[in-house]
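Quick notes on the structure that follows.
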């Protein structure tokens with residue numbers, strides 16, 4: 001009797017093992033049968049920021065094409081990445097609704113976006129609610145500061161770009177007084193706050209702090225205040241139309257400072273700023289997370305490939321989107337799955353070095369490395385001028401007066 005029970009138990013164990021093996025095999029077959037992997041990307045592709053959104057989209061497309069042309073996601077049998085694109089029109093509400101549409105109707109397994117902090121914050125509220133891993137491209141500290149588990153950011157937040165911008169003003173420009181002139185959205189507000197604190201901590205006097213609505217048609221009243229306050233330097237944030245207007249009216253009003261630096265760039269690091277502002281853009285500094293002349297792995301190849309495909313050099317907007325897409329697709333490859341939870345787990349374990357430098361995430365989803373430099377517009381292009389150990393050119397300080405150009 002005892003022998004019979006033992007045999008029955010062994011038989012039951014064999015059956016259970018076989019069933020488990022079958023389940024595992026079925027799961028593996030299902031993963032390997034994946035033909036395409038849908039990822040979403042949301043940018044302002046219409047409205048005043050459309051040109052900036054297109055550059056981001058170009059960066060995403062370039063990396064998706066590179067991965068697909070190299071054999072797709074190899075851990076999923078070479079499954080191709082299908083990019084699902086949405087236009088948030090620069091509107092926070094549209095950004096949230098379009099993100100939800102991509103998740104619910106298009107069944108995306110990951111997201112990259114959305115450029116402005118004011119559109120990225122609501123979009124990531126949606127992705128967190130649906131538990132869809134997201135690699136964000138926007139600078140506000142709030143993006144990774146809400147205790148979310150599915151939101152990551154590879155490039156530097158505004159705190160890091162503010163710090164290096166102020167450090168440059170102190171160490172190189174020897175500025176003692178500064179004016180803070182920034183647009184009044186989520187990004188500009190955060191940048192103004194951290195720049196003011198960093199400047200005061202560095203012993204500088206903030207002689208003027210003014211915020212303006214992005215897309216304004218006239219900065220004359222603010223710039224006349226700057227002229228009267230006579231700061232050594234300006235810390236400025238504005239999107240591309242704001243940046244173009246600012247330097248144009250500075251020239252018209254003959255507002256001169258030793259340095260104008262844009263922490264995080266926003267519109268000042270947009271290729272369209274260089275094209276439209278032309279000579280007025282010369283000598284502007286940007287505290288930024290990427291430089292075209294950086295020696296990090298993949299950067300030279302990225303710059304060359306982007307030029308080949310799009311017929312112009314990439315700017316930091318294209319670069320941040322390209323890098324974010326790389327990080328997401330790398331996580332999918334390592335996860336070997338289209339399960340968003342497994343992709344999130346792989347993202348959290350990211351340990352790579354790419355076009356802007358090393359990337360590892362802390363518990364907030366923030367890159368633990370600073371990866372920031374200061375670039376200056378010299379002869380119509382951005383060149384790295386600080387820190388000295390990575391500089392390819394010397395900073396031109398002070399900026400020449402308008403009447404001397």
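The values are calculated or read from the model by the stated rules, or taken from the named source; none is laboratory data. It should be emphasised that the depicted structure is a prediction, and the values quoted were computed from it without experimental measurement. Cβ atoms come from the backbone with ideal geometry, glycine included; neighbour counts cover every protein chain shown.
Yes or no: region 52-72 includes at least one residue that is farther than 26 Å from residue 304 by Cβ and assigned to a loop (DSSP other than H, G, I, E, B). Within region 52-72 (the criterion being farther than 26 Å from residue 304 by Cβ and assigned to a loop (DSSP other than H, G, I, E, B)), the answer is no, since none of the residues qualifies. Out of contact with any strand residue (DSSP E or B) (no Cβ under 8 Å at 6 or more places or on another chain), over 22 Å from residue 266 (Cβ atoms) and in the same structural domain as residue 128 (by TED's automatic domain parsing): is that true of residue 51 in this structure? No. Looking at the structure I just gave you, is residue 224 in contact with a helix residue (DSSP H, G or I) (Cβ under 7 Å, 6 or more places away or on another chain), assigned to a strand (DSSP E or B) and either at pLDDT 95 or above or surrounded by 22 or more Cβ atoms within 10 Å (Cβ to Cβ) (or both)? No, not satisfied.
Looking across 102, 49, one residue alone is under 24 Å from residue 144 (Cβ atoms) and at pLDDT below 95. It is 49.
In region 285-295, how many are more than 17 Å from residue 273 (Cβ to Cβ) and within 17 Å of the chain's Cα centre (by Cα)? Show your work before the answer.
Kept after step one, since they are more than 17 Å from residue 273 (Cβ to Cβ), are these residues of region 285-295: 293-295.
If we keep only those that are within 17 Å of the chain's Cα centre (by Cα) as well, we get 294.
Of the residues in that region, 1 qualify.
Can you find a residue that is in contact with a helix residue (DSSP H, G or I) (Cβ under 8 Å, 6 or more places away or on another chain), in the same structural domain as residue 109 (by TED's automatic domain parsing), within 29 Å of residue 276 (Cβ to Cβ) and at pLDDT 95 or above anywhere in region 24-41? Within region 24-41, one or more residues are in contact with a helix residue (DSSP H, G or I) (Cβ under 8 Å, 6 or more places away or on another chain), in the same structural domain as residue 109 (by TED's automatic domain parsing), within 29 Å of residue 276 (Cβ to Cβ) and at pLDDT 95 or above. Among the candidates 304, 262, 266, the residue that is modelled with pLDDT of 95 or more and surrounded by 23 or more Cβ atoms within 10 Å (Cβ to Cβ) is uniquely 262. Looking only at region 157-170, decide whether some residue is under 21 Å from residue 228 (Cβ atoms) and either surrounded by 24 or more Cβ atoms within 10 Å (Cβ to Cβ) or modelled with pLDDT under 95 (or both). Yes, that holds for at least one residue. For region 182-203, the condition of being under 21 Å from residue 274 (Cβ atoms), touching a residue at least 40 places away in the same chain (Cβ under 8 Å), not in a helix (DSSP H, G or I) and not assigned by TED's automatic domain parsing to the domain that holds residue 114 holds for at least one residue.
Restricting attention to region 137-162, which residues are in contact with a strand residue (DSSP E or B) (Cβ under 8 Å, 6 or more places away or on another chain) and not in a loop (DSSP other than H, G, I, E, B)? Correct list: 137, 143, 144, 151, 152, 153, 158, 161, 162.
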